[in-house]
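The values are calculated or read from the model by the stated rules, or taken from the named source; none is laboratory data. Predicted, not measured: the structure shown is a model, and the values here were computed from it. Neighbour counts run over all protein chains shown; Cβ positions are idealised from the backbone, glycine included.
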Amino acid sequence: MKKRSYLALEGIEVGFPTKLGQFTALRDVDLEIQKGEFVALIGHSGCGKSTLLNVIAGLVKPSRGVVFLDNDVVDTPGPDRAVIFQDHSLLPWLTVEENVRLAVDKTRPKASKAERRDWVRHNLALVQMDHALAKRPSELSGGMKQRVGIARAIAMEPRVLLMDEPFGALDALTRASLQDAVMSIQAELNNTVVMITHDVDEAILLADRVVMMTNGPAATIGEEHVVTMARPRERLSAIDTTDYARARHAIVHFLHERYTNPLDRAA
Amino acid sequence: MPPAPQSLIETTAEALPVSVGAKPTSAKIFLLPKARMSNATASPPKPLHPAVEKLKSFAGSILPTLIMIIVLLLIWQVATDRPGAALPSPTRIWAESHEVIVDPFKGVEFGNGGLSIAEGGDVGVAGHIITSLKRVAVGYGLSAIIGVALGILIGQSVTAYRALDPLFQVLRTVPPLAWLPISLAVFQEAQPSAIFLIFITAIWPIILNTATGVQNIPSTYRNVAKVLSLNPLEYFTKIMLPATVPHMFTGLRIGVGMSWLAIVAAEMVQGGTGIGFFIWDSYNSSLLSDTIVALIWIGMVGFALDRLVAWIGRRVARTA
């Protein structure tokens, strides 16, 4: 049997039927991700990044190709591939603690009540949200909501953590503080992460490898860049390194020279 | 054309000091009222006792309503205070229906672990209202349970929606009274057919609003449920019900109002007991004053029912 990587996407193709016939969003996507690796997927809007993430999550069924996780085929959603959604998608009728608790109850059914409670609080403490246990999502700022979203996902102890433009809806300063939070959590837990972003700096700062996608339709992986900066990374010192400049050069040239935004061409 | 940019620079260079000079003055103008305002807040009027403050704000909210009622009563009094007027004036109603107004609980006995209403027609308005409310409780209770269940069914399943929605859309436009002959024919008796009438009137908004609520559950909630691998029962109790509660209670609120409309209509035709019968009976006895008193009662009770369901909805939404 062929030796596969921890997370392996093989020949993924996703098509949707439309009024004008079959629309192919993704074609021939092959991606190998090692255990503990942090991969950022970057590309222009509409290139199918989210679709690819949803394929890994099991929320979208590929028309062709297979996703392997630790040599097992995965084709249905499950808590072993936790998703951090862009809009945080906390349930508004539950408190912060109850939102995380819902995930913990499902993933740790055998644990005692006290153990589950402690685990919920431990994970909320990791994202510095243990001060707002009884608050409802509507009482929190956007950044705080997303922190709870992160806590909910990592509390599930997923084999792969999927992040769908997690900070896309946040302002630049809040985004920076959440990126720092993700980096410190990642240093502690060393999860296998796939993150979608269209922020070049975010991709370089957080990821071990940046995977660049071509424009749709029939988008695929165009280029990959391994970010060689050592960890722990620090925002201020990182931007002056040659590694950072090299990564930035590669990604910006890919996005704005080889595969320019399809909307720019239209305009 | 080199001269053109030259002059442009010159004008902006001239304009610049002016605008810079203008800034502080405009800032001063803006600051002045602010400074006055902070002076004013520094010495506020003597604070009143909190209970007095509360009373004041309560009076402020209820006073316009009270004044409006008094004005309307005065207009009514002036317009009808003459012999041969079609409607009795407020003072005449007070005189003629004095007994009905001051003793609404005639024939109603509390105690012995419940309340009993005297047999026969000689019962106060409240007694009739209670009889009607009992019917509403049964009919509306049934329509709430079945309506929510059907709403969830057609909200959840596209096939069920296609099969049933056109039917519901047609049936919901049938007025309550139009159901009466069928209802009487099927049930033969007054009591069950009145309850059926309430049921069939109240159920449509409950079904349709619940279905809308289920259909509008955001897809991200569904995705959360999928990622967490919630089973159907968990999805139902933890996502669908709480997400649908606001829509559901919109339907339940419209439903309770409609059921109150239906009970009066049903009882007017069927007779016997209930507030609808009371109105019909007083009209037949040419006691228009009694009718007007009953009308006010019906309005108040309908209002109370609406508020009650709204209150329950808020409580459920908070705990769900």
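Filter the stretch A:60-79 down to the residues that are within 14 Å of chain B (Cβ to nearest Cβ) and either within 19 Å of A:R27 (Cβ to Cβ) or among the charged types (D, E, K, R) (or both), then identify the one that is surrounded by the most Cβ atoms within 10 Å (Cβ to Cβ). Checking each candidate, the answer is A:V60. Within the stretch B:169-181, the set of residues being at pLDDT below 90 and farther than 15 Å from B:I254 by Cβ comprises B:P175, B:L177, B:A178, B:W179, B:L180, B:P181.
Among the residues of the stretch B:136-155, just one is under 17 Å from B:A266 (Cα atoms) and free of Cβ contacts under 8 Å to residues at least 24 places away in the same chain, namely B:A137.
Applying the set (1) surrounded by fewer than 23 Cβ atoms within 10 Å (Cβ to Cβ); (2) closer than 16 Å to A:A219 by Cα to A:I42 leaves exactly one unmet item: (1). Annotation for the stretch B:189-212: no member residue is at pLDDT 90 or above and within 14 Å of chain A (Cβ to nearest Cβ). Scan the stretch B:88-121 residue by residue and report those that are in a loop (DSSP other than H, G, I, E, B) and at pLDDT 85 or above. B:P88, B:S89 - these are the residues of the stretch B:88-121 that are in a loop (DSSP other than H, G, I, E, B) and at pLDDT 85 or above.
Entry remark, the stretch B:228-282: residues being assigned to a helix (DSSP H, G or I), small (G, A, S) and closer than 30 Å to A:P77 by Cβ number 1 in total. Show me the strands (runs of 3 or more DSSP E) found entirely inside the stretch A:166-267 where at least 3 residues are of a type in the set (G, A, S) and surrounded by fewer than 21 Cβ atoms within 10 Å (Cβ to Cβ). Answer list for the stretch A:166-267: none. For A:P92, the conditions (1) at the interface with chain B (Cβ under 9 Å from one of its Cβ atoms); (2) under 17 Å from the mean Cα position of the chain (by Cα) are fulfilled apart from (2).
Please verify whether the stretch A:40-63 includes one or more residues that are under 18 Å from A:E157 (Cα atoms), in contact (Cβ under 8 Å) with a residue 12 or more places away in the chain, part of a loop (DSSP other than H, G, I, E, B) and outside the structural domain of A:D199 (by TED's automatic domain parsing). Checking the stretch A:40-63: not a single residue is under 18 Å from A:E157 (Cα atoms), in contact (Cβ under 8 Å) with a residue 12 or more places away in the chain, part of a loop (DSSP other than H, G, I, E, B) and outside the structural domain of A:D199 (by TED's automatic domain parsing). Which of the residues belonging to the stretch A:64-101 are in contact (Cβ under 8 Å) with a residue 40 or more places away in the chain, among the acidic types (D, E) and either closer than 29 Å to B:P246 by Cα or in contact with a strand residue (DSSP E or B) (Cβ under 6 Å, 6 or more places away or on another chain) (or both)? A:D87, the sole residue that qualifies.
Only residues that are surrounded by fewer than 17 Cβ atoms within 10 Å (Cβ to Cβ) and at the interface with chain A (Cβ under 8 Å from one of its Cβ atoms) were counted in the stretch B:235-251, giving 0.
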